[in-house]
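Taking it in order: structure first as structure tokens, then the write-up.
The values are calculated or read from the model by the stated rules, or taken from the named source; none is laboratory data. This is a predicted model, so every value here is computed, not measured. Virtual Cβ from ideal backbone geometry, glycine too; neighbours counted across all protein chains shown. SASA here: full protein model, heavy atoms, side chains in, ligands and nucleic acids out. Shrake-Rupley method; radii C 1.70, N 1.55, O 1.52, S 1.80 Å.
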Amino acid sequence: ILPALLSSNVVKWYARANCTQAREAEEAAELCSQISVSLADYDLEKAKELLWEAKQRSKAQGGFQPKMLHALSSLLESLQNFRVHLPPSLFEKADAVAPPNDNIAELTQGKCMNRQRADRAVARLRDPSYSLEEFREDVEAAFPELELYTNTHLCTSGWSGIEEYQRTMGALYSTYCLARLDIDGKEIFTFGIDSDGRPCHRPHGITANKQQDFYDNMSWNNLLDLTRRAGLLYQDSNAELQVKPERMFAFLALTAVHDIMKNPALLPTVQGRHAPYDDYSEGCKIVDHDLALAYVMEYFPQLLPSFKEMSPGQRAPVLFTQSKMGFNNGWLVQGEAPPGALFSKFKRIIMNGGASEADISFYFVHWLTDLAGAEPYQARPWPGSEKFVSKFPMKVLMAFLESFTFVDQLATKSEVQVMEDY
């Protein structure tokens, strides 16, 4: 009896010890994962705190691989040393000096992004029951900058404030479609929605033939691949498409704010400590709406509630999209310029900002959704991407999509190599 009892107790002790070790290893893996995410997102203070916690746990209970902690600590140290070479705009939350435009400061004062509604929009993007109308309600509630479009009668683009607002919503709706091409995105992108907000499944109206042709012949897989290369979607271990939440949030916020500087009342004036900014000297108003937004993002992020809430890793691709690329995709697909003329400025911006292939694809998805939603729809339910479906040559669009898979390689290849590959 005694040997059997001893044997039973040993087995129980061994089982409990194994369970404890397994739990500690799982906790260690989760903590190391959090540290890695913080490092990838340039949230160095959080990474430092988590590393300290990991080291304390390691001393108390084990579960951590010393080599792993040493590697993460070394990476943190390297990023801390490298941080001085990164643009301050990735990290700044506020600027105590006077704003570059009193109107935008007044209109955004006290406004906050509704993170709960933004997270809901991202989390439900691929939910089959999540309608375009629900998505509209969420993004309108989430991003206060959308109100800035309707604060003017006429924008610098020639459209009214309401029309620019609708064009921005069209870009957001196009993003909704790209995230769910295998659900109902193809139908909504092509045929739009009906008066009840439900997806249309058949062509209609005077452009019905063009709608059907677009639906049948569009390179939907190329659109999906571009969205995945941009880091907005990924395949999980079960080969199911999933949204990357932090990346998609940054993209939605960018889409909401990207044209607000077409409201002439919001254009910033370059301050002395930032002059010259591009080609603008001190006291000059920046009339280029992309440069104007980039200036505010870089030096006055507190004026943009949604951008202010972004982490450094989210801000980086957003700032990259606001750069003046000097890239003409038409020249590439038609072979109208040599590599230097086509890519040199684009390549320089990529190298200066440390942009990855995913960031370049992020820029191209932004270009695509911006153009996809470019037609105001007045009092109608959203009719889909009228610009691409009925007003843009499909062969040109598909040539552009094909070229994007080569251009994003500028992150790692020379201009000549990319041109030769293409």
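State whether the range 108-243 is rounded, prolate or oblate according to the following rule on the C-alpha gyration tensor (a ≥ b ≥ c being the square roots of its eigenvalues): a/c under 1.5 gives rounded; otherwise a/b larger than b/c gives prolate, and the remaining case gives oblate.
Working: a/c = 1.92, a/b = 1.20, b/c = 1.59.
It is oblate, given that a/c is not under 1.5 and a/b is not larger than b/c.
Rounded to the nearest 20 Debye, what is the dipole magnitude of the range 125-244 about its Cα centre when Lys and Arg each give +1 and Asp and Glu each give -1 at the C-beta? Intermediate results must be reported in sequence, preceding the final value.
On the way: 11 positive and 20 negative charges, 89 e Å.
For the range 125-244, the charge dipole is close to 420 debye.
Taking the alpha-carbon distance from K59 and a cut-off under 27 Å, which lysines remain once sequence neighbours fewer than 8 residues away in the same chain are dropped?
K12, K46, K48, K67
At 25 °C and 0.890 mPa s, grab the translational diffusion coefficient of the range 303-422 from Stokes-Einstein with a Kirkwood Rh over Cα pairs, rounded to a whole number in µm² per second.
Details: Rh = 15.9 Å.
Stokes-Einstein gives a translational diffusion coefficient of 155 µm²/s.
Given Cα pairs under 8 Å that are at least 6 residues apart, what percent is the relative contact order of the range 216-351? Before the final figure, lay out the partial values.
Details: 114 pairs, mean separation 21.0, N = 136.
15 percent.
Send over a whole-number figure in Å² for the accessible area per residue of the range 298-364, probe 1.4 Å. Provide the component values of the computation, followed by the final result.
Numbers: 2410 Å² over 67 residues.
The answer is 36 Å² per residue.
Go ahead and estimate [θ] at 222 nm for the chain from helices alone: -39,500 (n - 2.57) per DSSP H run with n ≥ 4, summed, over the residue count, rounded to 500.
Details: 20 runs with 245 residues, N = 422.
Theoretical 222 nm ellipticity from helices: -18000 deg cm²/dmol.
Give the carbon-plus-sulfur fraction of the accessible surface of the chain in %, rounded to a whole number; probe 1.4 Å, heavy atoms of protein chains only.
On the way: 10740 of 20590 Å².
C and S fraction of accessible area: 52 percent.
Tell me, what ³J(HN,Hα) does each residue in the range 175-187 have, in order and in whole Hz, if you take phi through Karplus 6.51 cos²θ - 1.76 cosθ + 1.60 with θ = phi - 60° and put x for Gly and Pro?
My calculation for the range 175-187 gives 5, 3, 5, 4, 6, 9, 4, 8, 10, 9, x, 4, 5 Hz in order.
Could you tell me what fraction of 2.2 N^0.38 Å the Cα radius of gyration of the range 125-190 comes to, as a two-decimal ratio?
Relative to the rule-of-thumb radius for its length, the range 125-190 sits at 1.24.
Given H placed 1.01 Å from N in the peptide plane, which residues other than close sequence neighbours of I193 have an amide H under 5 Å from its amide H?
Under 5 Å from the amide H of I193: C200, W382, G384.
List the pair-distance distribution P(r) of the range 172-242, using every Cα-Cα distance, as the percent of pairs falling in each 5 Å bin from 0 up to the bin containing the longest distance, rounded to whole percents.
Bins of 5 Å from zero give 3, 16, 24, 23, 16, 10, 6, 2, 0 percent of pairs.
Let a ≥ b ≥ c be the square roots of the eigenvalues of the Cα gyration tensor of the range 236-361; is it rounded (a/c under 1.5), or, if not, prolate (a/b larger than b/c) or oblate? Let's see the in-between values first.
Numbers: a/c = 2.07, a/b = 1.15, b/c = 1.81.
Because a/c hits 1.5 or more and a/b fails to exceed b/c, the range 236-361 counts as oblate.
May I ask for the angle, rounded to the nearest 10°, between helix 132-142 and the longest principal axis of the chain, with both axes built from Cα atoms and the value confined to 0 to 90°?
The answer is roughly 80 degrees.
Only Cα pairs under 8 Å and at least 6 apart count here; give the relative contact order of the chain as a rounded whole percent. Walk me through the numbers on the way to the answer.
Numbers: 559 pairs, mean separation 83.4, N = 422.
Here the relative contact order equals 20 percent.
With the Cα gyration tensor of the chain giving a ≥ b ≥ c as the square roots of its eigenvalues, does the rule (a/c under 1.5 for rounded; else a/b larger than b/c for prolate; else oblate) give rounded, prolate or oblate?
Values: a/c = 1.79, a/b = 1.44, b/c = 1.24.
Prolate, since a/c reaches 1.5 and a/b exceeds b/c.
Run the reach check for K111 against lysines, Cα to Cα strictly under 22 Å, same-chain hits fewer than 8 apart removed. What comes back?
K93, K262, K308
Which value, in Å² and to the nearest 10, is the accessible area of C284 when all protein chains are kept and the probe is 1.4 Å?
We get 50 Å² for C284.
I'd like the distance separating the alpha-carbon centroids of the range 377-422 and the range 266-292, in whole Å.
Result: 31 Å between the Cα centres.
Quick check on packing: order 247-260, 178-191, 101-114 by the mean number of other C-beta atoms within 10 Å, highest mean leading.
Details: 247-260: 24.6, 178-191: 21.6, 101-114: 16.0.
Peptide ranking by packing, descending: 247-260, 178-191, 101-114.
Roughly how many Å² is the accessible area per residue of the range 117-178, as a whole number, for a 1.4 Å probe? Numbers along the way, then the final one.
Working: 2280 Å² over 62 residues.
Result: 37 Å² per residue.
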